[in-house]
Structure formats: structure tokens, C-alpha cells
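Everything on this sheet refers to the single structure shown next.
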Amino acid sequence: MTSIQPQDTQLKRTLFVINVPIAGERKTTPDQAKTFLQAIKKAYDADCAKLGKSYVDSLPEYREM
Amino acid sequence: MSDAPDPISAVFRRTKPDGSYYYSDADVRHYLPLFIVTTRIAPNLLSPESLALFSAFADGLRREVPDAEITLESVMAYYERHPVNAELAREMKAAVQTLVRSGESDVRENLSQLVAKTHFEPRTPPKEGQARGGQLARHAFSPKKP
């Protein structure tokens, strides 16, 4: 039986991880993703402002706010 | 920004004694959208791979909650239901704090540049005729094609 080398295993896992979700049908377009992220960023910044938190103070976990 | 090794990619590149990556692809992929959201990196700085990753995340969220809007609340609620690898989150928090303590004057800008432009090199070069080795989730922030 041919042994599977770690690199081969890693490559197979890599192709699975990347290709399945990325190459598959996606409903959210890159432009929509940008729009969502822009809105989230704006909302997040507004929440920080309300709490008087600077950007640095709010890093990196929202739940700690 | 200095050319010193950045603490962020060091976390993603951490390896086990056998040379494999310490954090699994699944853990890294699950964590990266949260990192993008919480660090509030300007969307126009994100690579196509990063946007694709976030698109896939948004699709996953909508599969679970079909009528969900992709908002700060829905994203955070999703991560409440599906927590990230706690050790990875702790390491990333420490890495960000290291970056903050480094004294860079504009952490947000530097973090954005770091995440948007850093190229996470694979651990080993690819064999001829093969796709590049390593865990490509780590390349999601790269503007270059792995």
C-alpha cells in the first residue's frame, strides 16, 4: 500500500477547503460582500463611538465591548 | 510600517513539531471572517480571496438563517452559535496587542495594510506541476494568487 505523505494529505485538504466553498455556486457576490462589510464597519464604529472606545480599545473581539 | 515579521501571520504559520500547521484549515477559515469584521479593515483593501471567503461565510449564514440580513448583529450571533477556536482567538488577540504595543502611530491603517497586503508564504515550495502546498486559507488575505 502506498503511504500518503503529509504534504499530499495537506494538499488534498487544501483543495477541499478552498475549492468546495469557493468554486461552488455562491449567492453572495463580491460586491455584496463589500457592501455588507462596509455597513458592518460603519455600525461597529458607531457602537464604539457610543461607548467612547477608541479603535485600539475595541480590538479584537466585539463581545468584550 | 516596519519590515519586522508581523505577529498576525506568525499565528497562521505556527506549526506543530511534525511540520504541519498548528491550526486547521477549518479553524482558520472559520475565524478569518470574524477577524475581518472585528478589525474593520476597509473592504476595498481586501483581496478577491478575502472577499470570496466572506461571501462563502455569508452564504453559510444564510443557509442557516435563510431570511437573515448580513449585519453586525447577525454575524456576531452566528459566532455565538458557532464559536471560533478559543486558542486561535487568544493568540490572535495577543498578536494584535503586540502590534498595538509596537508603537505604530496608526494601528488601524497598519493592521489593514498588514492583513490586506501580507503574503502568507507556504511552508514548502510546490512540486512542479502541483498546486501550491500549504493551507490556502492562509492566502485569503493575499493580493497575489497562491
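The values are calculated or read from the model by the stated rules, or taken from the named source; none is laboratory data. Remember, it's a predicted structure, so these values are computed and weren't measured experimentally. Here the Cβ is made from the backbone with ideal geometry for all residues, glycine too, and neighbour counts use every protein chain on show.
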If you scan segment B:61-72, which residues turn out to be within 20 Å of the chain's Cα centre (by Cα) and more than 8 Å from chain A (Cβ to nearest Cβ)? B:LEU61
Could you run through segment A:21-47 and say how many residues are modelled with pLDDT under 85 and more than 7 Å from chain B (Cβ to nearest Cβ)? 3
Just checking, how many residues over segment B:1-31 are among the hydrophobic types (A, V, I, L, M, F, W, C) and either at pLDDT 85 or above or over 14 Å from B:VAL84 (Cβ atoms) (or both)? 4
Residues (surrounded by 23 or more Cβ atoms within 10 Å (Cβ to Cβ), among the small types (Gly, Ala, Ser) and facing chain A (nearest Cβ under 8 Å)) located in segment B:24-56: B:SER55
